[in-house]
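The values are calculated or read from the model by the stated rules, or taken from the named source; none is laboratory data. All values derive from a computational prediction rather than experimental measurement. We place every Cβ from the backbone using ideal geometry, glycine too, and count neighbours over all the protein chains shown.
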Amino acid sequence: MIAYYLFRFFEAIFLLLPHFIQKSFMLAVAKTAFLIDTKHKNIIKKNLDFTIKDKISDETYQSIFKYCHKNLALVLLQVLRSSRLSTKDLENTIHFENREVVDKAIAEGKKIIFISAHYGNWELGGTSLSALVSPTTTIYRKMNNAYFDEYLMKSRTKFKMTMVEKKGAIKQLMKALKKGDAISMLIDQSVHERDGIFIDFLGQKATQTAAPAFLARKFDALIIPLLINNGEGKDNTITFFEPIITAKTDDEKKDIQESVQAQSDFLSEAIMRYPEPWFWCHKRFKASYPEMYK
């Protein structure tokens, strides 16, 4: 409790500062973290060497290596600022590309499953999606500290985002789709084999959640991929991509496998086009190659 109230005290002072000072401070913290965080630098290096090192220049390699800590600092800044932002603030901050993809699906009465990744400022992306495009239901992992958990919940739900805990989440997501609400999920983290399936990701074997494919097949929903900050000079731009159609044949396992692979292919291609903003400091391949990060 004491730690929480100390945090809120310093947060209140911090948020009185001009935005450029807030950003400069967080970037300075990121530089310091980069210098001392050997663990995550090692994970980034292993991921890069395992996947795309031979496909990118040395300059790009070094840029990716340094970007993760910077991006995490900016994501954290977004979490802090969200409590003070309004929908109007978001409207003045966010730009959309290919929004007609979503508008068409809504006009046709389609059920929608948005998928994205820990890419760019994903906190800003999720908040803006719910506030400015379509209210969504999404999964979150409950924090151990009840005070901080409530803080994050208030920050996210004020923008029409319904949060459901990871345990038992599928039932809640099904209820949302039945009501006609959109749901959103991040697909880029390693999951236990019992919770997902093996696919090819960036040329290597990895696990990925099968939930979007399972739900899309069951409810005849469109899977609409999106990313925020997905290219040079595209700060605060959310881009929607063409929907992924999940087949519904007599072979359910094959239908889901193909849909999950299509989602992985979408993200792999996006990362290859512009790799810096992806979350390279996650142990993405630990389910397939458990010795890789030791």
Note to self: Can you report the number of residues in the range 246-256 which are surrounded by fewer than 22 Cβ atoms within 10 Å (Cβ to Cβ) and touching a helix residue (DSSP H, G or I) at 6+ places or on another chain (Cβ under 8 Å)?
What the structure shows: 6
Check: Within the range 257-280, which residues are within 16 Å of residue 60 (Cα to Cα) and surrounded by 17 or more Cβ atoms within 10 Å (Cβ to Cβ)?
Finding: 270, 271, 274, 275, 276, 277, 278, 279, 280
Checklist line | Hey, residue 103 assigned to a helix (DSSP H, G or I), closer than 27 Å to residue 158 by Cβ, at pLDDT 95 or above and out of contact with any Ser or Thr (no Cβ under 7 Å at 6 or more places or on another chain) or not | finding: yes
Checklist line | Tally, over the range 28-44, of residues that are of a type in the set (Lys, Arg) and either on the phi > 0 side of the Ramachandran plot or buried (at least 16 other Cβ atoms within 10 Å of the Cβ) (or both) | finding: 1
Checklist line | Enumeration of residues in the range 1-15 that are of a type outside the set (Lys, Arg) and within 12 Å of residue 80 (Cβ to Cβ) | finding: 7, 10, 11, 12, 13, 14, 15
Note to self: Every residue in the range 142-185 that is touching a residue at least 60 places away in the same chain (Cβ under 8 Å) and more than 21 Å from residue 78 (Cβ to Cβ), please.
What the structure shows: 177, 180, 182, 183
Next item on the list: Being out of contact with any strand residue (DSSP E or B) (no Cβ under 7 Å at 6 or more places or on another chain) and among the small types (Gly, Ala, Ser) is the filter; apply it to the range 176-228 and report the residue that is nearest to residue 55 (Cα to Cα).
Entry: 203
Next item on the list: Answer yes or no: is there a residue in the range 121-130 that is out of contact with any Gly (no Cβ under 7 Å at 6 or more places or on another chain), modelled with pLDDT under 95 and not in a helix (DSSP H, G or I).
Entry: yes
Notebook entry, point to check: Of all residues in the range 170-205, which are surrounded by fewer than 19 Cβ atoms within 10 Å (Cβ to Cβ) and assigned to a helix (DSSP H, G or I)?
Noted result: 170, 171, 172, 174, 175, 178, 179, 193, 194, 195
Item checked: Residue among 130, 134 that is more than 27 Å from residue 29 (Cα to Cα), in contact (Cβ under 8 Å) with a residue 24 or more places away in the chain, buried (at least 21 other Cβ atoms within 10 Å of the Cβ) and of a type in the set (Gly, Ala, Ser) -> 130
Check: Restricting the first residue to the range 93-111 and requiring it to be in contact (Cβ under 8 Å) with a residue 60 or more places away in the chain and over 17 Å from residue 180 (Cα atoms), which pairs with a second residue that is part of a strand (DSSP E or B) and charged (D, E, K, R) meet a Cβ separation below 7 Å and a spacing of at least six or different chains?
Finding: none
Notebook entry, point to check: Here are 90, 80, 72, 48: which of them is outside any loop (DSSP other than H, G, I, E, B), touching a Ser or Thr at 6+ places or on another chain (Cβ under 6 Å) and either farther than 29 Å from residue 215 by Cα or among the small types (Gly, Ala, Ser) (or both)?
Noted result: 90
Note to self: Looking at the range 54-67, can you tell me whether even one residue there is surrounded by fewer than 18 Cβ atoms within 10 Å (Cβ to Cβ), closer than 30 Å to residue 160 by Cα and either in contact (Cβ under 8 Å) with a residue 24 or more places away in the chain or not aliphatic (A, V, I, L, M) (or both)?
What the structure shows: no
